[in-house]
1. In the range 64-105, which residues are modelled with pLDDT under 95, out of contact with any Ser or Thr (no Cβ under 6 Å at 6 or more places or on another chain) and of a type in the set (Lys, Arg)?
2. Taking the range 78-97, which residues are over 10 Å from residue 46 (Cβ atoms) and of a type in the set (A, V, I, L, M, F, W, C)?
3. Can you tell me which condition residue 97 does not meet? The list is (1) free of Cβ contacts under 8 Å to residues at least 60 places away in the same chain; (2) hydrophobic (A, V, I, L, M, F, W, C); (3) closer than 28 Å to residue 62 by Cβ, and all the others hold.
Amino acid sequence: MRPGAASRGGAGGAPSRAAGEERALTSVAAGDRYEGEEPADLPRLWHVTLSVSGDEAPLKEVRRALEQLAHDHPFLLTSRYANDHAEIRYWEEARDLHDAAAVALRLWGEHRQSAGLPPWEIVGLEVIDRQTYHQRISEGYGPPPATPVGVHPF
């Protein structure tokens, strides 16, 4: 082999690496799309499930706060709650998953004062596109459709 040439080995002719040598990772910028995909500037619908939890709070106060959040955030589908955790499900219109997730991660904190929400932390977030949501429902392994809409105990 000539000096400076990378050795080829393994499947597909990939360059071999010395043990412990790290591979360079590449990433795709938020919003990048492949040819043939819908334009990046068109908003899409995303199904968001936000889970929060923390110290116990009176159930009546949690319910009242979630009802106020539903009033303040008109796209809220359903909320389920207990005295130490809650799950909020809704549809968000956003350009891409990054934007929908960013809005979801701000939701609890931004409405905490105005809705009187408990000082809980976000412990889970799922954001999926509309097609994936409906595919899961049709295959019977997604969350049940948000009915009845509103605020309900677990």
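1. 80
2. 82, 86, 88
3. (3)
The values are calculated or read from the model by the stated rules, or taken from the named source; none is laboratory data. Nothing here was measured: the structure is a model prediction, and the numbers come from that model. Because the Cβ atoms are built from the backbone with ideal geometry, glycine has one as well, and the counts that use them run over all protein chains shown.
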